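Trainee: Quick one: structure below, then a few questions.
The values are calculated or read from the model by the stated rules, or taken from the named source; none is laboratory data. None of the values given here were measured: they were computed from a predicted structure. Heads up, the Cβs are rebuilt from the backbone with ideal geometry, glycines too, and the neighbour counts pull from every protein chain shown. The area values use the complete protein model at the heavy-atom level, side chains included, leaving out ligands, DNA and RNA. Shrake-Rupley method; radii C 1.70, N 1.55, O 1.52, S 1.80 Å.
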Amino acid sequence: MKTKNSIAYKKLAFEFISVSFAVFLALMLNQWKDNYNNQKLVKQTLTNINIEVKQNSERVKEMLDSHKLLLTKIESILAHIERGKIPNETLGELSFSLISTTAWETAKLTQAIAHMDINLVSEIAGIYEYQEYYRSIVKQYSLSNEMNKLFESEKEILENKKFFIDLQNFLKNKIICSETDLLEYYNEIQKTISEIN
């Protein structure tokens, strides 16, 4: 009787160990598959962010060139006004392009950022936060000022020196500085992402 019980216990122990090992293997395989899928998601997310940052960088570069040209025109107009002369050039437009955040929003929605290096996430989040700051400056100024103000007469141009000075300060101190910073941040994150991929 003791031998039968001993064999039964050994058989039961063997089955328990076999089932436990099978469950352990299944869990490990499932974990490996999840890790693989998460790394694949992270890689795709970083590729998307890199593409978006590159596109945003090109847009910001175009805007920066346009705004520097506009600043030169404003300085020329102010120089003419200082001499009491009517400027011989038109002001032009202060225009802005859309800076996208789709890849970052997608990364948050798919929770890809949960599987990324925390320092990288922090760096990327900072860039998108700075983009939002830039967008808020543009929006605030657009709502509070007449950007494309047309002056009907020569007298109005000479009398609106403050408008040109305000616009000059806005371009120099807010827009051009922010765009220059954004381009620098874009360059840095693109280098970081290319080192990872």
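Trainee: I want to check the label-to-label distance for K43 and Q111. Put each point 7 Å from Cα in the C-beta direction and report it in nm to one decimal.
Mentor: The two pseudo-label positions are separated by 2.2 nm.
Trainee: Looking at this model, which pairs from K68/K191; K161/K191; K108/K191; K40/K68 are more than 32 angstrom apart at the alpha-carbon?
Mentor: In this structure, K161/K191; K40/K68 exceed 32 Å between Cα atoms.
Trainee: Further, regarding this structure: Using 0.36 nm times the number of residues separating S18 and K162, minus their current alpha carbon distance, what extension gain do you get?
Mentor: Value of the extension gain: 43.4 nm.
Trainee: Once the Cα gyration tensor of the stretch 9-77 is found, what semi-axes does its equivalent ellipsoid get, as square roots of 5 times the eigenvalues, in whole Å, sorted largest first?
Mentor: 65, 7, 4
Trainee: Stretched out fully, how many nm does the piece from E75 to N35 gain, at 0.36 nm a residue minus the Cα gap?
Mentor: Roughly 8.7 nm would be gained on extension.
Trainee: Hey, another quick one. At 222 nm, what value in deg cm²/dmol follows for the chain if DSSP H runs of at least 4 each add -39500 (n - 2.57) and the sum is divided by all its residues, to the nearest 500?
Mentor: One gets -27500 deg cm²/dmol as the mean residue ellipticity at 222 nm.
Trainee: Any chance you could look up the accessible area of D34 with a 1.4 Å probe, heavy atoms only, rounded to 10 Å²?
Mentor: Number for this one is 70 Å².
Trainee: So, one more: Given a 1.4 angstrom probe, what's the average accessible area per residue across the chain, in square angstrom?
Mentor: Dividing the accessible area of the chain by its residue count gives 67 Å².
Trainee: Share of the stretch 35-128's accessible area from carbon and sulfur, percent, 1.4 Å?
Mentor: Of all accessible area on the stretch 35-128, carbon and sulfur atoms account for 51 percent.
Trainee: With a 1.4 Å probe and all protein chains kept in place, how do Y186, Y9 rank by accessible area, largest first?
Mentor: Ranked list, largest accessible area first: Y9, Y186.
Trainee: If each residue of separation counts as 0.36 nm, what is the full-extension length gain between I196 and I7 once their alpha-carbon separation is subtracted?
Mentor: Extending this stretch completely gives an extra 62.4 nm.
Trainee: Which order do K40, K161 take when ranked by solvent-accessible area (1.4 Å probe, heavy atoms of all protein chains), largest first?
Mentor: Accessible-area ranking of K40, K161, largest first: K40, K161.
Trainee: Shifting gears a bit: Charges only on Cβ, +1 for Lys and Arg, -1 for Asp and Glu: so what's the dipole of the stretch 17-149 about the Cα centre, in debye to the nearest 20?
Mentor: Result for the stretch 17-149 is approximately 140 debye, rounded to the nearest 20.
Trainee: So for I118, I86, what's the accessible-area order with a 1.4 Å probe, most first?
Mentor: Accessible-area ranking of I118, I86, largest first: I118, I86.
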